[in-house]
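Worksheet for the structure shown next.
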Amino acid sequence: MVVLIGVIVSVMCVFLLRMYTLAAVSPDERAVADADSMTYQTTVEGARGCILDRNGNVLVSNRATYNIVIINYVLANTGAPNENILKLLQMCQQLGIECQSHFPVTKTKPYEYDMQSLNTTWQNYFRMFLNNRDYDLDISASTLMRNLREAYRIPNDWDADDVYNVIAVRYELELRSVDNTGLENYMLAKDVDAESLAAVAELGIPGVIIQSGTVREYKTAYAAHLLGTIGAMGPDEWTEYQQKGYAMNAMIGTSGIEKAFEEYLHGTSGTKITTVSTTGDVLNEYYTSLPPAGQQRRDNHRYFSSGDRRAGAREGHP
């Protein structure tokens with residue numbers, strides 16, 4: 001009995017000490033003290049359905065790809081985000097990896113805006129970024145670069161190209177934390193080959209991860225215009241497809257069969273929830289919904305069949 005009372009008293013003391021500690025620190029300090037993990041959501045696209053000819057031969061299928069993604073929360077906790085970003089970018093340049101960017105400022109001085117290179121959606125994101133930082137919407141590109149260099153604490157002795165490239169990545173990462181953008185983790189590069197992925201992984205930069213995906217693979221060069229293409233949706237299309245449950249970064253059919261049978265070919269998006277520590281260790285990961293693949297479509301009205309591969313040899317229905 002005495003032992004039980006002692007245990008209870010000990011637990012109460014620990015609890016009261018914890019309550020005192022929380023009360024004694026500011027809200028900001030408390031957030032830092034307790035922020036030992038972060039949970040984020042990833043949209044997982046279901047594989048797009050294949051397109052077959054009337055004999056069952058695959059005309060269009062999917063190929064597995066691997067993309068380089070940055071988790072800002074983990075990278076920021078390394079204590080040297082600028083240096084790690086620069087190291088990553090230099091490796092990408094060395095390997096010939098093309099990096100994606102929506103930063104609307106020209107790369108060389110005198111800095112100017114290049115809003116025409118962005119669609120309406122990304123232009124709106126940029127305005128949201130400025131508002132979030134309480135910057136005037138008419139701020140000059142040169143002033144923006146100077147302010148961001150100071151805000152991101154980029155060393156004064158860095159080369160101008162390195163400064164610009166790091167700011168562009170930091171912009172992408174910060175944009176993901178702006179309310180109501182709905183953007184997921186920043187995909188730095190898409191469809192990277194295995195050898196390059198290994199070189200990037202060897203850098204060991206916390207927060208830099210590899211995510212899998214798929215791209216369309218066309219098995220024939222014939223009747224390409226009939227098979228069609230897929231691409232990113234425009235701002236006007238987003239309103240329509242959002243109501244159908246599409247993710248903002250989903251690829252859609254833009255022409256030919258890919259467009260005509262979009263509702264059948266498009267795989268339903270799934271959602272994955274991941275919790276990571278400050279060092280990037282995955283603490284928990286699960287799907288709230290699995291991504292079913294799209295349906296296969298067999299086209300009986302084809303420019304060629306397996307027995308006739310002459311371009312323009314149109315065949316009728318069987």
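Quick notes on this one:
- Values of log10 I(q)/I(0), in the order q = 0.11, 0.12, 0.22 Å⁻¹, for segment 150-254 under a Debye, Cα-only, solvent-free model: -0.58, -0.68, -1.29
- All lysines inside 24 Å of residue 109 as judged from Cα atoms, apart from same-chain residues fewer than 8 positions distant: 87
- Anchor residue 219: aspartates and glutamates whose Cα lies under 14 Å away (excluding residues fewer than 8 positions away in-chain): 53
- Neighbours of residue 82, meaning other residues whose beta-carbon lies under 15 angstrom from its beta-carbon, give a summed charge of -4 when Lys and Arg score +1 and Asp and Glu score -1.
- Computed FRET value (nearest 0.05) for residue 112 with residue 157, which takes r as the C-beta separation and R₀ as 25 Å: 0.50
- For segment 91-190, the fraction of C-alpha pairs more than 18 angstrom apart is 48%.
- Volume in Å³ per residue [convex hull over Cα atoms, computed for segment 79-136]: 134
- Rg in Å to one decimal, and Dmax rounded to a whole Å, for segment 25-167 via C-alpha atoms: 20.4, 71
- Set of aspartates and glutamates with alpha-carbon distance to residue 107 below 13 Å, sequence-local pairs under 8 removed: 159, 161, 162
- Efficiency of FRET between residue 217 and residue 139 - r from beta-carbon atoms, R0 45 angstrom, step 0.05: 0.55
- Centroid-to-centroid separation of segment 173-242 and segment 35-79 [C-alpha atoms, Å]: 7
- Neighbourhood charge, 12 Å Cβ-Cβ cut-off, centred on residue 254 and excluding it, Lys, Arg +1 and Asp, Glu -1: -1
Throughout, read-outs are computed from the coordinates displayed, never taken from laboratory work. Just so we're clear, the structure is a prediction, and the values are computed from it rather than from any experiment. Counting neighbours? That spans all protein chains shown, and the Cβs are built from the backbone with ideal geometry, glycine included.
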